[in-house]
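For reference, the structure is listed below as structure tokens.
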Amino acid sequence: MGSGRIFRVSLNAFVALVFVFLVTPMFVIVPLSFTSVSVLIYPLPGLSLRWYWDFFNNPLWTQAIRNSLLLGVTVSLLATALGTAAALGLTASRSRFKPLIFALLVSPLVVPVVITAVAAFYFFSALGIAGSFAGLVLGHTILATPFVIVTVSATMQGFDRNLIRAAASLGAPPLIVLQRVIAPLVWPGLMSGALFAFAISFDELVMALFLASPELRTLPRQIFSGVSESISPTIAAAAVVLVAVSTGLMLAVELLRRRAEGLTAQASTS
Amino acid sequence: MTCCHGWPARLAMTIALLAFTGPLAAQDSITVVSNGGSIADAQRTAFVVPFTKATGIRVVEDVFNQELAKIRTQVETKNIQWDVVSVTAINEATGCDEGLLEPVDWSRYLDAKQFEGVGGFGKCGVPHNFVSGGLAYDGDKIKDPPKSWADFWDVKKYPGKRGLLYRAEQTLEVALMADGVEPKDVMTILSGPGGVDRAFKKLAEIKPYVHWWKSGDESMQILLSGDVTMTYAWNGRVAAANKANNRNLKIAFAPGHVSGSQIYAIMKGTPKKELAIKYITFAAQPEPQAAFARAISYAPANEAAYKFMTDAEKATLPQGYLDRGSLQSGPVYFNFWLDKGDEVLQRFIKFAAQ
Amino acid sequence: MSRSTTGTSIAALVRKAELRRERRLLAIAAPAITFVLVFFVLPIGLFLFRSVDNPEVHGSLPRTLTALHQWDRTTLPDEQAFAALVADLRALRGKPELAMLARRLNYDVSGFRSVIIRSGRLAEQGLPPYRKWLIANEPAWGDVTYWGAIRNEASPLTDFYLLAAFDLRRLSNGSIAPASNENALFRDLFARTFWISFTVTVLCLIVGFPVAAVIAHARPKVANLLLILVLLPFWSSLLVRATAWIVLLQDEGLINQALIALGLIARPIRLVFNRIGLTIAMTHVLLPFMILPLYSVLRGIPQGQMRAAASLGAKPVIAFLRVYLPQALPGIVAGSTLVFVISLGYYVAPALVGGPRDQMIGYFVAYFTNSTVNWGMASALGTLLLVIVALIYAALARTIGLERLRAQ
């Protein structure tokens, strides 16, 4: 069928083009961050590392990096603690309120971020914590926790309750059951969730626009200011670093998630 | 006669105050907030560094984009992180009225006459520089310079696009000047009956050719790249763009300019009020003022500072054209923009969006 | 159900144990639930409330409002109202509430701000009869419009902001009328936001459907790789992608250079800071949200069906429309809804990549929060956005529910 072949070839060509569309913009920025001049145009007149040097030495940027890292770790800890507990409790529950509670916990994903951010800004202003580190941590945790819950819940889907009963029937006290049976299976999912939460916080812009005071500038916030004014190669370098970190993290998240799902599936079939 | 009467004493007192308390204040610090970018850099070289050297008081710098909400939040929650803020004249008037800024009798520390040309002291603040928006063009590309805003509107004589600020304030004033209104009458006409309509009607004529710019950097980018033939721009940005890119951009004040001061004010309720006053009065002295004007190419607020500047430095300054300006100060200006500002801005946004 | 001799049934014991278990599980999940309630639901509730909150007039002009209670709203109020007004203004002297009252009333009647501020200063010197004195010194008070505005805002709750969000306002006699034409921008704003979201959704569908289909029917290893390629841009922040597009689409950018090199255009065309750039950037960002749900649905459509249809004599197009598409529909609906709703709420993308003609609702929520500090207006717009999003998701849930019912 000649027409079938033509169709198939053009379909594949179209899809290939779309993939080019999807992936190239990111790669466009990378070489530009190594340009030797102060404007972002191709072809590159020369290569230079000065923008990265500027990025890692300019106090404006180093403080932003420091803030983003500190914030990310704190948010990750808080969101993972809250989210994993919630996921464990919910997946084991057979209550008829379960869908409702799950929907409630996941609702921050549904509301446009700008609304959550503005609402948090008003609320935290009344509490006096708008612009403080605590305020920003809380704001990011609201956004990150649903992701942790979804990630950990997904890895708990294949979890076989019988494992716990088997261990108990063999005489293991609850704490040992937790340590030896539950934890190893939950651990990769939990790590995955933790990295996800960190990545969410590290990348997050809208909340930071409203809740961060100038001392508390995060990396995305700093990039945004730069982009709004004029895009210099330092901005490009900052963007490349941001992308490298988040992509690396998300890749790790994805791999851990697959491993976690594989583990729980294995454990239940063996 | 009443001019310089007390100023030597005042100056001596200020310097003595600074010198005396200098060593004692070794551990003190204040936070000074500005719009950032090149303004912050100039502030650092002209005010912050010399101030710390003279008094030992450390200055932490910060940035904001004139969001009154940030000031309001700090004052209302009594969680004051900033001490001195650099605000536009309107924000000083609004903030002062709403109890967000400290009222200070500045004539106790400074000579009011020296600041008259730029609009004088506010109830809560002291001007620290004078920003002028005028008609900017590329001196290498345009040999027959435009002489009026009507020339700016004349796309046949000067073909190409135009840059205008994406804001109602300043743009409407320029539109009226293009319609033949004298700069000193612009605010009266604008706030009078039919003034706003007249300005929008004039803007509609040039709208198809306008590139609306949102930031000082953008205004220079479009002129440097040749995207626009002429643009409304702030004089300091023009000088900075020339320096950084080795170009010959020019700014004309004779057609009429819109100028106003940036004002230093003190956050209401800050525990460091005395230190803040010290900083502000230091920055208002002629030499730091000249240094700031030199660094940023905006005019000094203190007229006595011109003595310390060379002719070359005064090239992009409106000295000599102060009467060609629509001043962003005074009751007519404040009342109009405070009362009608939101409404007019909303109309402008709709106008630009169509 | 057997009862043991002690009287309690086994069923009851099991039920009690179940309850205990559920309570323990709930306790484990409780911190997260409390967190979401306190730091998410509560702030949003307060935010919604702010769109109707009206503390300024009713808090600062209590005596005046009492005096205006019986007012007919068409003729000027009597001496009692004027006296009450002067008393209220005196009580406000030197307080920040005066400026906030001035600003609030200025939303209703442009120019009211200076009237209030001036009257606040004048109030000290007032002597009865106040009506004559006040009108002589501040003529605005002789205009029913101003009194009407005060009367309109008497209640602690107001519909002012919500009406304004629909480009409506109240006249001094209380009736609702359209806002002046030059300022009426919110209906256009919503229309524009919907249109942009719709365009982006359609583009994502056209571009994303073939991609999802190819991934769904590819060999597992290939599918895996392709999925990672889809997720790759998805994992990097919106900010970076927007920046990349600005660099690509600018006048000196690669796209324009390529087009000029190919001889298609002579001078660079404006591709960024306008609708074109915004649409491209948003489509790029939202494509994964279309591809992923579509992929998970298409994966479940057996390949064999299309071949069976062909062997029965159906032309490929007919087979596609009759066999493939109906089964793909849930994925199309899910993906489209997701893309549409997410783009409705976008704020950063239009701010960075769009021009003055492309600003969406999210931008104005932020604008009213930060620049003009009109939190009432910001909340009103945000509330409308939230209601629209909620309605769309509810409709989606209903359709999915119906689908499930029909499948049974």
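Less than 5 angstrom separates the built amide H of C:L168 from those of C:A179, all sequence-distant by 5 or more or on a different chain. Evaluating 6.51 cos²θ - 1.76 cosθ + 1.60 at θ = phi - 60° for every residue in the range B:210-226, the Karplus couplings come out as 8, 9, 7, 9, 9, 9, x, 4, 4, 4, 7, 4, 5, 7, 5, 7, x Hz, glycine and proline recorded as x. For chain C, with a Gaussian network of springs between Cα atoms less than 10 Å apart, report the residue from C:L68, C:L163, C:L37 with the top mean-square fluctuation. Among C:L68, C:L163, C:L37, the largest mean-square fluctuation in the Gaussian network model of chain C belongs to C:L37. In this calculation the C-beta distance from B:E274 to B:E61 is compared with R0 = 22 Å, giving a FRET efficiency of 0.65. Which residue, chosen from C:Q250, C:T372, C:G345, occupies the Cα position most advanced towards the positive end of the dipole of the protein assembly as shown, where the dipole is computed from +1 (Lys, Arg) and -1 (Asp, Glu) charges on Cβ about the Cα centre? The Cα lying farthest towards the positive end belongs to C:G345. The calculated 222 nm mean residue ellipticity attributable to helices in chain A amounts to -26000 deg cm²/dmol, summing -39500 (n - 2.57) over DSSP H runs of n ≥ 4 and dividing by all residues. So if we plug the beta-carbon distance of B:D140 and A:R94 into 1/(1 + (r/R0)^6) with R0 = 60 Å, what FRET efficiency do we get, rounded to 0.05? My answer for the efficiency is 0.15.
Hey, what angle do you get for helix C:375-407 against the long axis of chain C, alpha-carbon based, 0 to 90 degrees rounded to 10? So the inclination is approximately 30 degrees. With R₀ fixed at 56 Å, the C-beta to C-beta distance from A:T62 to C:T75 puts the FRET efficiency at about 0.25.
Projecting the Cα atoms of C:A84, C:Y324, C:L37 onto the dipole axis of chain C, where Lys and Arg carry +1 and Asp and Glu carry -1 at the beta carbon, places C:Y324 farthest toward the positive end. Highest average first, the peptides C:244-254, B:326-336 ordered by how many other beta carbon atoms sit within 10 Å of their residues are C:244-254, B:326-336. For the range C:56-156, the relative contact order comes to 36 percent (Cα pairs under 8 Å, sequence separation of at least 6).
Coupling constants for the range C:223-236 follow from the phi torsions by the Karplus curve (6.51 cos²θ - 1.76 cosθ + 1.60, θ = phi - 60°), and in residue order they are 4, 4, 4, 4, 4, 4, 5, 6, 6, 3, x, 4, 7, 8 Hz; glycine and proline get x.
Taking a point 7 Å out from the Cα of A:L11 in the direction of its Cβ, the residues of the range C:222-265 whose backbone N falls within less than 16 Å of it are C:223. Modelled spin-label separation between B:D197 and C:L325, with each label point placed 7 Å from Cα along the Cα-to-Cβ direction: 5.4 nm. Dividing the convex hull volume of the alpha-carbon atoms in chain B by its residue count gives 134 Å³ per residue. Label-to-label distance, C:R267 versus B:A315, with points set 7 angstrom from Cα along the beta-carbon direction: 2.9 nm. Extension gain, C:Q305 to C:L259, is 12.2 nm, computed as 0.36 nm per intervening residue step minus the present C-alpha separation.
Across the range C:113-121, computed HN-Hα scalar couplings (Karplus, 6.51 cos²θ - 1.76 cosθ + 1.60, θ = phi - 60°) run 4, 5, 4, 5, 4, 5, 4, x, 6 Hz from first to last residue, x flagging Gly and Pro. GNM remark for chain B: springs join alpha carbons under 10 Å apart, and the peak mean-square fluctuation among B:G125, B:G134, B:G117 falls on B:G117. Working from label points 7 Å from Cα in the Cα-to-Cβ sense, the C:R118 to A:S48 distance is 5.9 nm. When both bridge partners sit in the protein assembly as shown, DSSP labels roughly 60% of those beta bridges antiparallel. Counted by Cβ distance under 13 Å from A:L70, the other residues give a net charge of +1, where Lys and Arg count +1 and Asp and Glu count -1.
Remark: C:T75, C:T64 ranked as C:T75, C:T64, counting other beta-carbon atoms within 10 Å and listing the fewest first. Counting other Cβ atoms within 10 Å as a rough exposure proxy, the listed residues B:H211, C:H69 run C:H69, B:H211 from fewest neighbours to most. With springs only between Cα atoms under 10 Å apart, run a GNM on chain A and tell me which of A:S228, A:S125, A:S153 wobbles the most. The residue with the greatest mean-square fluctuation here is A:S228.
Remark: B:K201, A:K98 ranked as B:K201, A:K98, counting other beta-carbon atoms within 10 Å and listing the fewest first.
In this structure, the amide hydrogen of B:R58, modeled 1.01 Å from its nitrogen in the peptide plane, lies closer than 5 angstrom to those of B:D28, B:S29, B:I30, counting only residues at least 5 positions away or on a different chain.
Can you find, among A:V73, A:M207, A:S107, the residue farthest towards the positive end of the dipole of the range A:55-269? Put +1 on the C-beta of Lys and Arg, -1 on that of Asp and Glu. Farthest towards the positive end: A:S107.
With N the number of residues in the protein assembly as shown, Rg(Cα) / (2.2 N^0.38 Å) evaluates to 1.05. Dipole size of the protein assembly as shown about its Cα centre, with +1 on Lys/Arg Cβ and -1 on Asp/Glu Cβ: approximately 3700 debye, rounded to the nearest 20.
Near B:G163, the amide H atoms lying under 5 Å from its own belong to B:H211, B:M230, B:T231, B:Y232; only residues 5 or more places off or on other chains count, and H is placed 1.01 Å from N. To the nearest 10 degrees, how steeply does helix B:331-353 sit against the main Cα axis of chain B, on a 0 to 90 scale? The answer is roughly 50 degrees.
Read-outs throughout are calculated quantities, based only on the coordinates presented, and are distinct from any laboratory measurement. Since this is a predicted model, take the numbers as computed values, not measurements. FYI the Cβ positions are ideal-geometry reconstructions off the backbone, even for glycines, and counts take in every protein chain you see.
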